[in-house]
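Novice: One structure is given below, represented as structure tokens, and several questions about it will come after.
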Amino acid sequence: MPSPRAPHLPAVLADGLRADLAAGFTRADVEDALGPVAAAALRREEPVAARRATEGAREPAAVLSRLFLLGGAVSRAALDAALPRTTTAGATAVGLVTAAGEDAADEVRAAVDLRPYEASDAAGDARWWVTSDLGELATGRSLHADHVLGIGGASLTLARITVRDHRPRVLDLGTGCGVQALHATRHAEHVLGTDISRRALDFAAFNSSLAGTSVELREGSLLEPVAGERFDLVVSNPPFVITPPAAHAAGLPVMEYRDGAMPGDSLVADLVSGLGTHLAAGGVAQLLGNWEHHAGEDWRERVGTWLEAAGTDGWVVQREVQDPAEYAHTWLRDGGLRPGTALFDTALSAWLDDFAARGVEGVGFGYLVLRRPTEGSRPRWRRVEEVTTPVHRPLGGHVAHVLAAQEWLAATDDAALADHRLRVAEDVTEERHLRPGEPDPRVLLLRQGGGFGRTYQPGTLVAGAVGACDGELTLGQIVAGLAVVLDQAADAVAAEVLPAARELLLDGVLLPAD
């Protein structure tokens, strides 16, 4: 079956459609129209309760939810009432719907997915409406190869971790339906979105027009469309899924939005390696990615070689690891295939055979952050770690803090650090664990409320130093005081406290008070 044409929104029609949607199709409107039970079920991709809640309903949110979120039919009269400025005729003309006829009772069906998008990131709250291809829930079919994905968990994750300070030039590499580009328009002078898919760029253009923003769009693979150009921020949710050629040979389509058609995790490796030359001084690249865990090899060493090739500062955070069977199952279901079907089982076997032949024991998922230093001569910073604690708030501000703190620390030797006054961040709490009746704790923990919610178990010297960091004394004075109180050499105290202070400053547990 051929893919439906992507929608097109002339600027002259954008204001009316935006006003119609704002009047009755916000996220709050949808929640109210569905009710809490159906809304919660729909978030779990269980549509039955939502279909029941919207059947025969006339309010705009119910009509538009039934049409665009559930793939159900509505009457032409109902859609005319829900979109009074645009009407069914206008929605048909721009490619949002198809209508069976001109009569009020004739059926209208969605040609695309259209939904309200509201999010919070480091730049504040955002609200738009975003189109993409209809998913499996609405169509009941597996996805076509050039499917344009809507807003998923990965999109939300990338938006929430991206730095949002002012950036003159921003590149959204692999823009898809354009969500990251929309976020970037609020803090950039010029936003460029690229994608190998022409249909994806058409959706991105529609969404930019509907949002009233300006985004330049170019067609091409990965970094090819921006050869020789540099950017102050690059964001990318690239097609990082590791799909073996044997699975495609068995009939699994190459999905443009996720399959880079390159061996193993080499697409992410090549992209990371090439991004360094496209960053301006102080420029940051943030992307999502997968990397393989090979038998007998530390994954940190594998990913660390990618950072070396980039020639930039680099920070990698692994958030999740899936075993081969879980990984293959995840992406087969993502494409709309169901377990027990011939193609699902054949492709799953091909995946497992490929991983076994190459010694792949698992696949990691996480974030990669690159930064081109403003001072080109200093040593490059590398941090490759696993952090699996749940995060419930935007991380963009924290990422910006870590990058700024690292730059400051790189220019601050231990003597200069000892001359600074430090304070404990407001979101940090201390826990003491002791047995009943004992005067002294057996375990002391520092917990970070923001950022990655890290937990630290400092030794006696570091705990004492942190406890004294109230902005009054310099770190050197605190070290000297601890040495006297504990009857230890000042150099020995400094050798333990200063490196720990650097780590705590990097993560935002300690902050300069001066």
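Novice: Which condition number does residue 468 fail, the rest of (1) farther than 29 Å from residue 318 by Cα; (2) buried (at least 20 other Cβ atoms within 10 Å of the Cβ) being met?
Specialist: Every condition holds for residue 468 apart from (2).
Novice: A further question follows. Kindly indicate the residue of the stretch 98-116 that is assigned to a loop (DSSP other than H, G, I, E, B) and under 36 Å from the mean Cα position of the chain (by Cα) and also surrounded by the most Cβ atoms within 10 Å (Cβ to Cβ) among those meeting that condition.
Specialist: Of the stretch 98-116, the ones assigned to a loop (DSSP other than H, G, I, E, B) are 100-106, 111-112.
With the extra rule that they be under 36 Å from the mean Cα position of the chain (by Cα), the set shrinks to 111-112.
Working: 111: 21, 112: 23.
Across the stretch 98-116, the extreme among qualifying residues is 112.
Novice: Turning to a different aspect of this structure: Residues in the stretch 367-376: is at least one within 30 Å of residue 138 (Cα to Cα) and touching a Ser or Thr at 6+ places or on another chain (Cβ under 9 Å)?
Specialist: Residues of the stretch 367-376 that are within 30 Å of residue 138 (Cα to Cα), as a first pass: none.
For the stretch 367-376, residues within 30 Å of residue 138 (Cα to Cα) and touching a Ser or Thr at 6+ places or on another chain (Cβ under 9 Å): absent.
Novice: Search the stretch 341-366 for residues that are surrounded by fewer than 16 Cβ atoms within 10 Å (Cβ to Cβ) and pair each with any residue that is in a strand (DSSP E or B) when their beta-carbon atoms are under 8 Å apart and the residues are at least 6 apart or on different chains.
Specialist: Listed pairs, sorted by first residue: 358/292; 358/294; 359/294.
Novice: Within the stretch 459-474, is there a residue that is of a type in the set (Ser, Thr, Tyr), in a strand (DSSP E or B) and under 35 Å from the mean Cα position of the chain (by Cα)? Please lay out each step first, then the result.
Specialist: Taking the stretch 459-474 as the starting set, the residues that turn out to be of a type in the set (Ser, Thr, Tyr) are 460, 474.
So of that shortlist, the ones also in a strand (DSSP E or B) come out as 474.
After this cut, where a residue has to be under 35 Å from the mean Cα position of the chain (by Cα) as well, the list is none.
Within the stretch 459-474, none of the residues are of a type in the set (Ser, Thr, Tyr), in a strand (DSSP E or B) and under 35 Å from the mean Cα position of the chain (by Cα).
Each row is one residue, and each column tells you yes or no for (1) within 15 Å of residue 512 (Cα to Cα); (2) over 23 Å from the mean Cα position of the chain (by Cα); (3) modelled with pLDDT of 95 or more.
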{"position": "380", "(1), (2), (3)": "no, yes, no"}
{"position": "390", "(1), (2), (3)": "no, no, no"}
{"position": "394", "(1), (2), (3)": "no, no, no"}
{"position": "414", "(1), (2), (3)": "yes, yes, yes"}
{"position": "419", "(1), (2), (3)": "yes, yes, yes"}
{"position": "431", "(1), (2), (3)": "no, yes, no"}
{"position": "436", "(1), (2), (3)": "no, yes, no"}
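Novice: Separate question: Restricting to the stretch 120-131, give me the number of residues that are assigned to a strand (DSSP E or B) and either out of contact with any helix residue (DSSP H, G or I) (no Cβ under 6 Å at 6 or more places or on another chain) or surrounded by fewer than 19 Cβ atoms within 10 Å (Cβ to Cβ) (or both). Working first, answer last.
Specialist: Residues of the stretch 120-131 that are assigned to a strand (DSSP E or B), as a first pass: 120-121, 124-131.
Now restrict to residues that are either out of contact with any helix residue (DSSP H, G or I) (no Cβ under 6 Å at 6 or more places or on another chain) or surrounded by fewer than 19 Cβ atoms within 10 Å (Cβ to Cβ) (or both): 120, 124-127.
Residues in the stretch 120-131 being assigned to a strand (DSSP E or B) and either out of contact with any helix residue (DSSP H, G or I) (no Cβ under 6 Å at 6 or more places or on another chain) or surrounded by fewer than 19 Cβ atoms within 10 Å (Cβ to Cβ) (or both): 5 in total.
Novice: Let me ask something else. Please verify whether residue 225 is of a type outside the set (Phe, Trp, Tyr) and either in contact with a Lys or Arg (Cβ under 6 Å, 6 or more places away or on another chain) or crowded, with 21+ Cβ neighbours inside 10 Å (or both), treating the condition exactly as stated. Show your work before the answer.
Specialist: Working: of a type outside the set (Phe, Trp, Tyr): yes; either in contact with a Lys or Arg (Cβ under 6 Å, 6 or more places away or on another chain) or crowded, with 21+ Cβ neighbours inside 10 Å (or both): yes.
Answer is yes for this residue.
Novice: Another question about this same structure. Could you grab me the full set of residues in the stretch 434-449 that are touching a Lys or Arg at 6+ places or on another chain (Cβ under 6 Å) and either exposed (fewer than 10 other Cβ atoms within 10 Å of the Cβ) or closer than 18 Å to residue 461 by Cα (or both)?
Specialist: Answer for the stretch 434-449, where residues must be touching a Lys or Arg at 6+ places or on another chain (Cβ under 6 Å) and either exposed (fewer than 10 other Cβ atoms within 10 Å of the Cβ) or closer than 18 Å to residue 461 by Cα (or both): 441, 444.
Novice: Then there's this: So, of the residues in the stretch 447-458 that are free of Cβ contacts under 8 Å to residues at least 40 places away in the same chain and part of a loop (DSSP other than H, G, I, E, B), which turns out to be nearest to the chain's Cα centre (by Cα)?
Specialist: In this case the residue turns out to be 449.
For every residue, the table says whether it meets (1) among the polar types (S, T, N, Q); (2) in contact with a Cys (Cβ under 6 Å, 6 or more places away or on another chain); (3) at pLDDT 95 or above; (4) part of a helix (DSSP H, G or I).
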{"residue": "293", "(1), (2), (3), (4)": "no, no, yes, no"}
{"residue": "300", "(1), (2), (3), (4)": "no, no, yes, yes"}
{"residue": "305", "(1), (2), (3), (4)": "yes, no, yes, yes"}
{"residue": "314", "(1), (2), (3), (4)": "no, no, yes, no"}
{"residue": "336", "(1), (2), (3), (4)": "no, no, no, no"}
{"residue": "368", "(1), (2), (3), (4)": "no, no, yes, no"}
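Novice: Okay, moving on. Looking at 381, 408, which one is closer than 20 Å to residue 466 by Cβ and among the aromatic types (Phe, Trp, Tyr)? Lay out the reasoning, then the answer.
Specialist: On the way: 381 fails: closer than 20 Å to residue 466 by Cβ.
That would be 408, the only listed residue that is closer than 20 Å to residue 466 by Cβ and among the aromatic types (Phe, Trp, Tyr).
Novice: Return the pairs, sorted by first residue and then second, in which the second residue is crowded, with 24+ Cβ neighbours inside 10 Å, the first residue lies in the stretch 180-191 and is polar (S, T, N, Q), the beta carbons are less than 6 Å apart, and the residues are 6+ apart or on different chains.
Specialist: From residues that are polar (S, T, N, Q), the pairs are 180/172; 180/235; 185/191.
Novice: Just to be sure, is residue 265 touching a Lys or Arg at 6+ places or on another chain (Cβ under 7 Å), surrounded by 18 or more Cβ atoms within 10 Å (Cβ to Cβ) and either touching a residue at least 40 places away in the same chain (Cβ under 8 Å) or assigned by TED's automatic domain parsing to the domain that holds residue 305 (or both)? Let's see the steps before the verdict.
Specialist: Numbers: touching a Lys or Arg at 6+ places or on another chain (Cβ under 7 Å): no; surrounded by 18 or more Cβ atoms within 10 Å (Cβ to Cβ): yes; either touching a residue at least 40 places away in the same chain (Cβ under 8 Å) or assigned by TED's automatic domain parsing to the domain that holds residue 305 (or both): yes.
Judged against the criteria, residue 265 is not a match.
Novice: When you scan the stretch 279-293, how many residues do you find that are out of contact with any strand residue (DSSP E or B) (no Cβ under 6 Å at 6 or more places or on another chain) and more than 19 Å from residue 378 (Cα to Cα)?
Specialist: 1
Novice: Return yes or no: is residue 444 over 17 Å from residue 513 (Cα atoms), of a type in the set (A, V, I, L, M, F, W, C) and free of Cβ contacts under 8 Å to residues at least 12 places away in the same chain?
Specialist: Values: over 17 Å from residue 513 (Cα atoms): yes; of a type in the set (A, V, I, L, M, F, W, C): yes; free of Cβ contacts under 8 Å to residues at least 12 places away in the same chain: no.
So residue 444 fails the test.
Novice: Filter the stretch 238-251 for residues that are touching an Asp or Glu at 6+ places or on another chain (Cβ under 9 Å) and either in a strand (DSSP E or B) or not β-branched (Val, Ile, Thr) (or both) and give the result. Please lay out each step first, then the result.
Specialist: Just the residues of the stretch 238-251 that are touching an Asp or Glu at 6+ places or on another chain (Cβ under 9 Å), to begin with: 239-248.
Result: 239, 240, 244, 245, 246, 247, 248.
Novice: Continuing with the same structure: Spot the failing condition for residue 9; the list is (1) more than 21 Å from residue 150 (Cα to Cα); (2) surrounded by 14 or more Cβ atoms within 10 Å (Cβ to Cβ), and only one is missed.
Specialist: (1)
Novice: Say we look at the stretch 132-157 and pick out the residues that are surrounded by 21 or more Cβ atoms within 10 Å (Cβ to Cβ) and in contact (Cβ under 8 Å) with a residue 60 or more places away in the chain; which of these is nearest to residue 366 (Cα to Cα)? Talk me through it step by step, then tell me what you get.
Specialist: Taking the stretch 132-157 and keeping what is surrounded by 21 or more Cβ atoms within 10 Å (Cβ to Cβ), we get 132-134, 143, 147-150, 155.
Now restrict to residues that are in contact (Cβ under 8 Å) with a residue 60 or more places away in the chain: 132-134, 143, 147-149, 155.
Values: 132: 25, 133: 26, 134: 27, 143: 25, 147: 24, 148: 22, 149: 20, 155: 13 Å.
Checked the stretch 132-157; the qualifying residue nearest to residue 366 (Cα to Cα) is 155.
The values are calculated or read from the model by the stated rules, or taken from the named source; none is laboratory data. Since the structure is predicted, the reported quantities are computational estimates derived from the model, not experimental observations. Cβ sites come from the backbone with ideal geometry, for glycine too, and all protein chains shown count toward neighbours.
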